[in-house]
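The values are calculated or read from the model by the stated rules, or taken from the named source; none is laboratory data. From a predicted model like this one, the values you see are computed outputs, not experimental measurements. Cβ sites come from the backbone with ideal geometry, for glycine too, and all protein chains shown count toward neighbours.
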Amino acid sequence: MKFRTLSYYLREAARNLIKNRLMSVASILTVASCILIVSVFYCLAANVDFFLGQLEESIQVSVFLRDDVSVEGVQELNSRIHAIPHVVNVVYVSPDEAFEDIKAGMGNPALFDGLSGKDVLPRSFDVEIDDIRNQPDVINALESLSADGVENIRHSQELADGVRVFSDLLRVVCVVLIIILGVISIVIIINTIRITVNARKTEINIMKYVGATDWFIRWPFVVEGVLIGFLGGLIPSVACWFLYGYAVGAIPELIPLISFVKFRPGYDIFMYLLPFDLLLGMFIGIIGSVFSVRKHLKV
Amino acid sequence: MIDIIDATKVYDNGVKGINGLSLFIEQGEFVFIVGSSGSGKSTLVRLLLREIEATEGSIIVDGQDLSALKRRDMPYYRRKLGVVFQDFRLLRNKTVFENVAFAMQIVEATHREIRRTVPQVLNLVGLSRKARSYPDQLSGGEQQRTALARAIVNSPPLLIADEPTGNLDPGTAWEIMTLLEDINDRGTTVVVATHAKEIVDNMQKRVVALRNGVIMSDEEMGGYNDEI
């Protein structure tokens, strides 16, 4: 493509955007509205996913040891548990440490006066797993260590399964919703751009008779679509950035019950959301333009 | 320049636009295509513009068989044609200069070529002083002269005019015809489809008369036959 042709496309697109400014603004706001819904949902989904991740991390497997295991045996077991695939961390918990934890959690430590950890609790390991989906494999590996001193394994398979199912479901719902909203956006934008294209169908018709190629006609509309889509993607991203910052500060104050919930950091969301919104906007703009012009090119 | 051999066009509703029509037009000729409504004039023009395809027979323009023309090659074929319509078909949002320059932009002419050629062509059609006017600020005759300037700016070998004087008063119509004759004198083949009896009679050019899609008469230096 020659530079003067490219500059012609850019000039034509800018000229058309300004000339049809009312429709241009309507198109930009239409794209922006649809992408804002997608963005808000993305923020929600990202935070639910973040919360589930935290929940997953808190689900640990406790491995209780028999009383007859020697100190060397405990160290050997620690190494062998570490070597199990998907195990991220292993922490040895002495009976006293476990006892202190229980006392601290009961609210009335005086009830435990006169008792020591060694009297009531076994030694144990807290085992952290990389992904909750791998818990069954790790449990199997731990059970095979029973001859080496493992007496009992405590884990919450139901909670783990529940979190896993919910997490998978959320991802599917998220993808489906983004696809549905994306399709709705494209349909709306095609209709909006079609109105501007219809207003210029005579112009397209003349261009065809004068010998313009389909792409010569299409390019200014595509550039226009890209500009509309870019602005339609930028506006909701910026709006979402400010809304998110405000929500993260305001929600714990408004709803103290969920003040323990940690929010995903803004930059962690927007480093993906901004390029996604811009690309989605431009994609919608291009598809909308190409589809809208298509029928007028058959002359 | 144009070689139509036994061409027939049947529309989807079964109506025959032209029926077994054969016509040969040499390079540099000036030809009137005349006939009443439904005679096949418009079908012939649309076939030459490759807006529609012949159902049977062949149409060869400047050595190019239009039935073998692929969709992607159509723009390049149309660049060999200058086209003038009854309703002018100018771009309302562009000035006279821009409307004419537009045809050059499509063939990717340089800014220098455009700045040099467009004023020359506007001068030829007598519109030098209207270069900055918009179509809505022009009379019918001026609009048609703009369309003519656009049609010839790329020096096409063939100019097709479909009822070019249909919307003009007799005086202006005559001016347009004189311009077409000037363009023809410079070597461009000119084909004019028209109803304008007085002009056809006065111009004394080749006249091809159509009725019901077939050629009724084809006369050198002919006139408008009232029987058609």
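Quick check on B:SER58: is it hydroxyl-bearing (Ser, Thr, Tyr), more than 16 Å from B:THR194 (Cβ to Cβ) and over 17 Å from the mean Cα position of the chain (by Cα)?
Yes; evaluated as a whole, the condition is true for this residue.
Looking at (1) of a type outside the set (Asp, Glu); (2) under 20 Å from the mean Cα position of the chain (by Cα); (3) under 30 Å from A:ARG4 (Cβ atoms), which one does A:SER289 not meet, given that it meets all the others?
Going through (1) of a type outside the set (Asp, Glu); (2) under 20 Å from the mean Cα position of the chain (by Cα); (3) under 30 Å from A:ARG4 (Cβ atoms) one by one, A:SER289 breaks only (2).
For region A:11-25: of the residues being touching a helix residue (DSSP H, G or I) at 6+ places or on another chain (Cβ under 6 Å) and either at pLDDT 85 or above or buried (at least 20 other Cβ atoms within 10 Å of the Cβ) (or both), which is farthest from B:LEU91 (Cα to Cα)?
Of everything passing the filter in region A:11-25, A:SER24 is farthest from B:LEU91 (Cα to Cα).
(1) modelled with pLDDT under 85; (2) within 20 Å of the chain's Cα centre (by Cα): which one isn't true of A:GLU97, the others all being true?
Status for A:GLU97: all satisfied but (2).
Restricted to region B:48-62, and to residues that are away from chain A (no Cβ under 14 Å) and in contact with a Lys or Arg (Cβ under 7 Å, 6 or more places away or on another chain), which residue is surrounded by the most Cβ atoms within 10 Å (Cβ to Cβ)?
The selected residue is B:ALA54.
List the strands (runs of 3 or more DSSP E) inside region B:135-221, counting only whole elements, that have at least 3 residues being within 13 Å of the chain's Cα centre (by Cα), buried (at least 22 other Cβ atoms within 10 Å of the Cβ) and not small (Gly, Ala, Ser).
B:158-162, B:189-194
Answer yes if at least one residue in region A:247-268 is surrounded by 12 or more Cβ atoms within 10 Å (Cβ to Cβ), of a type in the set (Ser, Thr, Tyr) and outside any helix (DSSP H, G or I), and no otherwise.
no
Could you please find all residues in region B:16-46 being within 14 Å of chain A (Cβ to nearest Cβ) and farther than 15 Å from B:VAL190 by Cβ?
B:ARG46
What are the residue pairs meeting all of these: first residue in region A:1-15, first residue more than 10 Å from chain B (Cβ to nearest Cβ), second residue not charged (D, E, K, R), Cβ atoms under 7 Å, and 6 or more apart or on different chains?
As it stands, the answer is A:TYR9/A:TRP219; A:TYR9/A:PRO220; A:TYR9/A:VAL223; A:LEU10/A:VAL223; A:ALA13/A:PRO220; A:ALA13/A:VAL223; A:ALA13/A:LEU227, since those pairs meet every condition given.
State the number of residues belonging to region B:61-108 that are among the small types (Gly, Ala, Ser) and more than 18 Å from the chain's Cα centre (by Cα).
Counting residues in region B:61-108 that are among the small types (Gly, Ala, Ser) and more than 18 Å from the chain's Cα centre (by Cα) gives 4.
Rundown of residues vs (1) more than 8 Å from every other protein chain (Cβ to nearest Cβ); (2) buried (at least 17 other Cβ atoms within 10 Å of the Cβ), yes/no style:
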| residue | (1), (2) |
| --- | --- |
| B:ARG78 | no, yes |
| B:VAL84 | yes, yes |
| B:PHE88 | yes, yes |
| B:LEU91 | no, yes |
| B:ALA101 | yes, yes |
| B:GLN120 | yes, no |
| B:ASN123 | yes, no |
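Counting only residues that are away from chain A (no Cβ under 14 Å) and closer than 19 Å to A:ASP214 by Cβ, how many does region B:63-76 have?
Residues flagged as away from chain A (no Cβ under 14 Å) and closer than 19 Å to A:ASP214 by Cβ within region B:63-76 amount to 1.
When only residues in region A:200-240 that are within 9 Å of chain B (Cβ to nearest Cβ) and of a type in the set (Val, Ile, Thr) count, which is surrounded by the most Cβ atoms within 10 Å (Cβ to Cβ)?
A:VAL210
A:ILE132 fails exactly one of the following numbered conditions: (1) crowded, with 16+ Cβ neighbours inside 10 Å; (2) within 14 Å of chain B (Cβ to nearest Cβ). What is the number of that condition?
Of the numbered conditions (1) crowded, with 16+ Cβ neighbours inside 10 Å; (2) within 14 Å of chain B (Cβ to nearest Cβ), the odd one out for A:ILE132 is (2).
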